[in-house]
Every structure is written in structure tokens, then in C-alpha cells.
1. Pick from the stretch A:187-223 the residues that are in a loop (DSSP other than H, G, I, E, B), away from every other protein chain (no Cβ under 14 Å) and at negative phi: which of them is surrounded by the fewest Cβ atoms within 10 Å (Cβ to Cβ)?
2. Kindly indicate whether any position in the stretch A:200-207 is without any contact (Cβ under 8 Å) to a residue 40 or more places away in the chain and either touching a strand residue (DSSP E or B) at 6+ places or on another chain (Cβ under 8 Å) or closer than 16 Å to residue A:392 by Cα (or both).
3. Quick one: in the stretch A:42-57, which of the residues that are more than 8 Å from chain B (Cβ to nearest Cβ) and closer than 13 Å to residue A:140 by Cα is surrounded by the fewest Cβ atoms within 10 Å (Cβ to Cβ)?
4. Would you confirm whether or not the stretch B:43-65 contains a residue that is within 11 Å of chain A (Cβ to nearest Cβ), touching a residue at least 24 places away in the same chain (Cβ under 8 Å), in contact with a helix residue (DSSP H, G or I) (Cβ under 7 Å, 6 or more places away or on another chain) and surrounded by fewer than 19 Cβ atoms within 10 Å (Cβ to Cβ)?
5. Taking the stretch A:252-277 as the search range and keeping residues that are closer than 30 Å to residue A:3 by Cβ and touching a strand residue (DSSP E or B) at 6+ places or on another chain (Cβ under 6 Å), which one is surrounded by the fewest Cβ atoms within 10 Å (Cβ to Cβ)?
6. So, in the stretch B:68-102, of the ones that are more than 8 Å from chain A (Cβ to nearest Cβ) and surrounded by fewer than 22 Cβ atoms within 10 Å (Cβ to Cβ), which residue ends up farthest from residue B:123 (Cα to Cα)?
7. Taking the conditions exactly as written (in the same structural domain as residue A:243 (by TED's automatic domain parsing) and either within 25 Å of residue A:111 (Cβ to Cβ) or at pLDDT below 95 (or both)), does residue A:199 satisfy them or not?
8. Of the residues A:130, A:184, which is more than 14 Å from chain B (Cβ to nearest Cβ), more than 28 Å from residue A:52 (Cα to Cα) and in contact with a helix residue (DSSP H, G or I) (Cβ under 7 Å, 6 or more places away or on another chain)?
């Protein structure tokens, strides 16, 4: 028998029998998560199904992060539905300001390697950073998980993506992630899992791995599983259970030369419209945004602070920063990063999804150009279809904020 | 669910993401009519006024890519779209559509123009362009999806069956 891919291994354990790519199977689910975009519909569907209490309240998570704090009374009522559901059933609630769902699940030890985690948010694939089979579903699928503790799925085929060499200074995990999306394309991994490995990944922290796995869905992937070589977690885990067997079968094998990689930017309105920064140098910007489930962690704020230390945001440019969680915000306050960024002219937003989903907290104006550390730049994504959004790393976004235009970060550091 | 129906085609292109089907700023509601009022607004501001109940949406590759928001298929369904036919769908959208009882059919080579009359036979898995007198076979769905759609959605399916049956996939 051929060896198994990581997805096949994890799903076999959850199916209670060996399963391989393309098989349909019912699996036991370890945990379920939903946000204020998806929870109200999920709770409604759960009740219509006859559900009273989720199969495992301790591992049912509700996070108020997408429109947080509530921008209007309509959304305030939806938040109350979530609070009431948690109080009634014992499900775990993260309320306004605690952080972005994906940051909280990992930061608060809510997901572990080898688990099957279903979240009603497409960027749930982030937990592949620590070897969980984690995937996004809609509200009704999530309600069904709450009702039964199970779901059905087709075991995905797997693409293997190796990043060779080590990346240069000034090039970050985000650049690798954007390069990966550019290479595979917007639908390049639809219905499939992606295993990501290689020399460039080995020295990366969990934070950086999260940035990379997060963009799995921008290639359509069902799960983005990073091999555990070099992975450090605060507890023991079985690396073999989240590594492929020798002879595992891949539908496609691709390589990216990490050592040749330049900082990457995705042009509007597609995450896979990725180019080297050099092509866009001189593009004027109005708004710079650093944050989100991709790049709102302490390491990202540090990267921005290295650029902005002792400098000021260019006249006419608005720089907004949102820490991915209250813990990240507190750490940034304690180590001086908050002061550095604020002195440079940054405005801090509450920890949450903020302007990335276009509901509130910084909707751009008509014709404005935004450079953002987010994962999506679809038309209208930030709330105004007449604005355009470029995606880049925290270092590149901070550099653009200082220069008022897209610029090679090296130039900003040298100035 | 009605198995055979027809409606006029509204044809759009590739990679229509869920943000364009229903923008994030409109998703936070349980009033489904609010969703329908803004459906496809950032793709075609006139779509809502052109749509007649029962019309069929036809798109190219990767329809529904992006967010997991179930509000996207809900907006289409409540607005009156009877089915979506696409070269292929993004994974989460496809599941969501079936789960809320919106028929979605994968037809790799459909030729249609806006205004063509399209007939869909769900049971047979056949899409006909009555205007052009052409016939296409949709990709087969797993039995579990056929059963969910047949019940009108996942809520009704689970009310009836209680859970998923591994032998009925």
C-alpha cells in the first residue's frame, strides 16, 4: 500500500478506518468555531435542526471579531444572540476586543496538531500551521457539526509545495505566502489539500507558519498543512502523525526558490495577481493597514516598528494598525512597539477583523488606494467598490506608509 | 424540491467571489431579504432589477470563491435565482448552496447568452439551453448531496435522519 499524505493520515484517524484521496467519509470532528458573521445563522440552523446543546460545548467556540465592537444596533443584537447561546449551552465565548478568531484558537491552545477542526470562516485553514486538518465551512455545516459532532467530506488529493533555500533579509513569510498563491493561482488547489515544506520553512516561528497557512484558501485549498520540521510548541506532540509517509501520493509537486524571492505584492482585485515589488514602485497610496489574521501578530508589529522607528507617516497617508489579539496588543504596549508606531502617526484599532471585511473601522473613499497586510483584495472587500487594495507584508506596508508610495523597504531603512 | 424548472439566463464570467455576491458590510443580518436586496451589487448594479424569479445564473470557473459566508447562496436564493450553473464552483460555496437548498450544477462546456431560456432537470442532471436547442450533462454529485438537496437543505435532512450515515454517502 502506498504511503499516506498528512490529510489522509489525519482523516483516517477521524474516520476510524484508513481512507485515501477521493473517498467520501464521515469523520468525528474535534472542535468547531464561528464568528459574528456566521454564528447567528449557525445558531438559527442548529435550533431548527432540533439542537439544544452542542455535542461538545467545551470545544464549541464563538468569537465576536468581524464587526467588533458593534457598529450599529442591528449587529449589537446579533452579538447578543451569541452571548445568550454561550450562556445557555456552555459554549466558549470570546467577546469584543479579545481578538481575531484564528489568532485566539492558536494563542489560547484551542487547537492541536493532528486534530480535525471545522470553522465557519474560510481562513480556518490557518491551523495547518501546527498540523491540524482545519477547514472553513458555512453556517449550516457548522450547525450540523454542533448537532452531530461529525461531518462528511471527500478526502482531498494533495499538492506538495516545497520552498527551497532560505529567504533574504527583508523578505517575510507573507512574501512566501503571496508567491505561493501567485504560483498556484486563485483556484489552483480547489478541492485539494496543500502540504508546504522546505528549507525556508524550518526556521520559521509558529506566527510565520500561520501567515503562510492562512493564505491556503486563496488558492482554494481545503487544508494547508505545513510539515512540522522545526515546529516548536509549548507541549509535546507526535510529529509523525502530521508528517507524510514515505511514498505518499501527490497530485502535483511544485517548488519555489525561496533564495531568489523578492518582496511580493498582490494587485487589486485578486490575491493571485502577485508581482515582485519592483514592478509597482512609485504607486501612490492613501491608506496603509497592518493587522488581520494574516499579519497582526507581535512579530508583524515589530517588523512595522523597525521601519517606522523615528519616522513619520507621509503627509496625507492614514496608517491603521490592529493587533490580532488583546494579548498581542498588551505585549506591544509593554515592549514599546505601541509607542513607536503611535509616535510615527499610526492609529490603533480594536483587536478584530476591522477594515479587512469592510463593515466599519476604516472604509476607504472613492478612488483611494490601500496597501494592506490582509489576505483579500476583491472589489469592494474593504467596504467601497471604488477603492483598490494591494496586499503586502508588514515591512512593505510600513515602508509605503512612510514614503506615501510603494517603495523598496531597503530604501526606507537607508534613508 | 421541484426537480424540473426553467428560467432565463444571466451570464457572467470567471472567479466571481463571495464578496461580490454579497459584500461583507451586508452579511451581518438574519433578515434574508436584506441580503437579497444587495445581491451581486458590486458585479452588476442592475442585476437585482433585471432578475425575474426563477431565472438561472450562469458563470465561468471558480464561482463563489473566497469567504465561507453562507449569506452568498442565501442572497441568490432569496432574490429568486432558481439555480446556478458554473464551469466549476469554489468548494465552500458549493457545499453551502446545497445545504441551504439552492441547486448548483457543474457544466464544463455550457454555451449560453444572457436572456437564453435554460431548462434544468435536477433528477436527470441535465441542463438544456432551449433557445440554442443544446443539451448538457452536469457532473454527478455525491449521493449525500443529492439527498440533502432533495430534502430542501441540510436542516431538513438532519431533522429527518438525525445524523450522517457513512453507508449513505
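The values are calculated or read from the model by the stated rules, or taken from the named source; none is laboratory data. Bear in mind that the values here come from a model prediction, so they are computed numbers and not experimental data. FYI the Cβ positions are ideal-geometry reconstructions off the backbone, even for glycines, and counts take in every protein chain you see.
1. Ranking the candidates gives A:203 first.
2. Looking through the stretch A:200-207, at least one residue is without any contact (Cβ under 8 Å) to a residue 40 or more places away in the chain and either touching a strand residue (DSSP E or B) at 6+ places or on another chain (Cβ under 8 Å) or closer than 16 Å to residue A:392 by Cα (or both).
3. Checking each candidate, the answer is A:47.
4. Yes, the stretch B:43-65 contains at least one residue that is within 11 Å of chain A (Cβ to nearest Cβ), touching a residue at least 24 places away in the same chain (Cβ under 8 Å), in contact with a helix residue (DSSP H, G or I) (Cβ under 7 Å, 6 or more places away or on another chain) and surrounded by fewer than 19 Cβ atoms within 10 Å (Cβ to Cβ).
5. A:253
6. This residue is B:78.
7. Answer is no for this residue.
8. Among A:130, A:184, only A:130 is more than 14 Å from chain B (Cβ to nearest Cβ), more than 28 Å from residue A:52 (Cα to Cα) and in contact with a helix residue (DSSP H, G or I) (Cβ under 7 Å, 6 or more places away or on another chain).
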